[in-house]
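Values in this text are rule-based calculations from the coordinates and carry no lab data. Just so it is clear, the model here is predicted, and its values are computed rather than measured. Neighbour counts are summed over all protein chains in view; Cβ atoms, including those assigned to glycine, are modelled from backbone coordinates with ideal geometry.
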Amino acid sequence: MRYLVAMIFLTVSAMALAQGKQLHDNNCMQCHASLTDGKPNSLYTRDKRGVKSLEGLNKRVANCAIAADVNWTKEQQNQVVDYLNSQFYKF
Ligand code: HEC
């Protein structure tokens, strides 16, 4: 039973991350690509990146979501934050 619970938890987490990646890739890459010579994800890994904390990441995603005009729910926004944090920032 304990393994089943752990497996369900891992599956749900993986699905949320995949969902976050999809939301991000569909809505956020184009503008970032234009800022980075076609390497949008380098915005998150460059030496002088702006975001320094998880709180900062939440704020930045909220602001960029307005710029991207996506109208996400809080849950969708959190999925994107989790995706960016697990993939790039690792706070
Ligand atoms: C209309 C253009 C535009 C769109 C669309 C956009 N962004 Fe951004 N984003 C920017 C700009 C400009 C910066 C700041 C770049 C800099 O500091 O040089 C930025 C920076 C960021 C950063 C911080 C990078 C760092 O320096 O650590 C994150 C995180 C981010 N955006 C997330 C998102 C997400 C998530 C979306 C999709 C909802 C999105 N952005 C859509 C323009 C955009």
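Details
- Test: residue in the range 1-21 that is under 21 Å from Y89 (Cβ atoms), among the hydrophobic types (A, V, I, L, M, F, W, C) and part of a loop (DSSP other than H, G, I, E, B): no
- Meets criteria (in a helix (DSSP H, G or I), surrounded by 12 or more Cβ atoms within 10 Å (Cβ to Cβ) and near the ligand (Cβ under 9 Å from one of its atoms)) for V80: yes
- Members of the range 30-60 found to be closer than 13 Å to Y89 by Cβ and aliphatic (A, V, I, L, M), listed by number: L43, V51, L54, L57
- Among the residues of the range 1-46, just one is of a type in the set (F, W, Y) and either in contact with a helix residue (DSSP H, G or I) (Cβ under 7 Å, 6 or more places away or on another chain) or closer than 14 Å to C64 by Cα (or both), namely Y44.
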